């Protein structure tokens, strides 16, 4: 089963359009950094809870995901709420990110290493990246079973975005609504002025 079929099955099983819970805690914890002005991108948006939250803050949001079921559900909810979310089906393993620049990019619970450079390139000068996904602590400290290809190595997330200025970073076990998770989390800003190498 390919990624689209797998995720479509998961979202279809959830029933009629709904958004599963609050936005990501890492996003909410750093909301003070968000002006609500400009464009935002939610990468691998899933049910769209983070995209909707960004739109409520005032951003015009592009939300992308491989699942056409999830995207249709997000479109329905955004339309009902009158929120500026443009949701699109994008298979990031075969298609590029939408054209930037973006003032905010969020990526939660998704790891595709060959996107790291593209994410940095898609940020506007002064733009913020908020990123969080599973890391080694999920297996090593919590004893969970997980495909190692989709786990960040120690320090990997911090090293992956070297062209950005780190605002906040954490690695380790954190409490989340669905229980403890071993994650790496990053907030980083693209310099407003290009830095000479």
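The values are calculated or read from the model by the stated rules, or taken from the named source; none is laboratory data. Quick caveat: nothing in here was measured; it's all calculated off a predicted structure. When we count neighbours, we look across all protein chains shown, and the Cβ atoms used for this are built from the backbone with ideal geometry, even at glycine.
Against the definition (at pLDDT 95 or above, under 15 Å from the mean Cα position of the chain (by Cα) and either under 23 Å from residue 117 (Cα atoms) or part of a loop (DSSP other than H, G, I, E, B) (or both)), how does residue 22 come out, yes or no? Against the criterion (at pLDDT 95 or above, under 15 Å from the mean Cα position of the chain (by Cα) and either under 23 Å from residue 117 (Cα atoms) or part of a loop (DSSP other than H, G, I, E, B) (or both)), residue 22 does not qualify. Taking the condition surrounded by 13 or more Cβ atoms within 10 Å (Cβ to Cβ) and without any contact (Cβ under 8 Å) to a residue 40 or more places away in the chain, does residue 173 pass? Yes. Of everything in segment 137-170 that is out of contact with any helix residue (DSSP H, G or I) (no Cβ under 8 Å at 6 or more places or on another chain) and crowded, with 20+ Cβ neighbours inside 10 Å, the residue that is nearest to residue 38 (Cα to Cα) is 157.
Taking segment 154-173, which residues are within 27 Å of residue 123 (Cα to Cα) and in contact with a strand residue (DSSP E or B) (Cβ under 6 Å, 6 or more places away or on another chain)?
Result: 157, 158, 161, 164, 165, 166, 167, 168, 169, 170, 171.
Within segment 90-111, the set of residues being surrounded by fewer than 16 Cβ atoms within 10 Å (Cβ to Cβ) and touching a residue at least 40 places away in the same chain (Cβ under 8 Å) comprises 91, 93, 109.
Comparison of 124, 37 shows that the only residue that is modelled with pLDDT of 95 or more and out of contact with any helix residue (DSSP H, G or I) (no Cβ under 9 Å at 6 or more places or on another chain) is 124. Do we have any residue at all in segment 94-104 that's more than 24 Å from residue 58 (Cβ to Cβ), within 15 Å of the chain's Cα centre (by Cα) and either modelled with pLDDT under 95 or part of a strand (DSSP E or B) (or both)? Checking segment 94-104: not a single residue is more than 24 Å from residue 58 (Cβ to Cβ), within 15 Å of the chain's Cα centre (by Cα) and either modelled with pLDDT under 95 or part of a strand (DSSP E or B) (or both).
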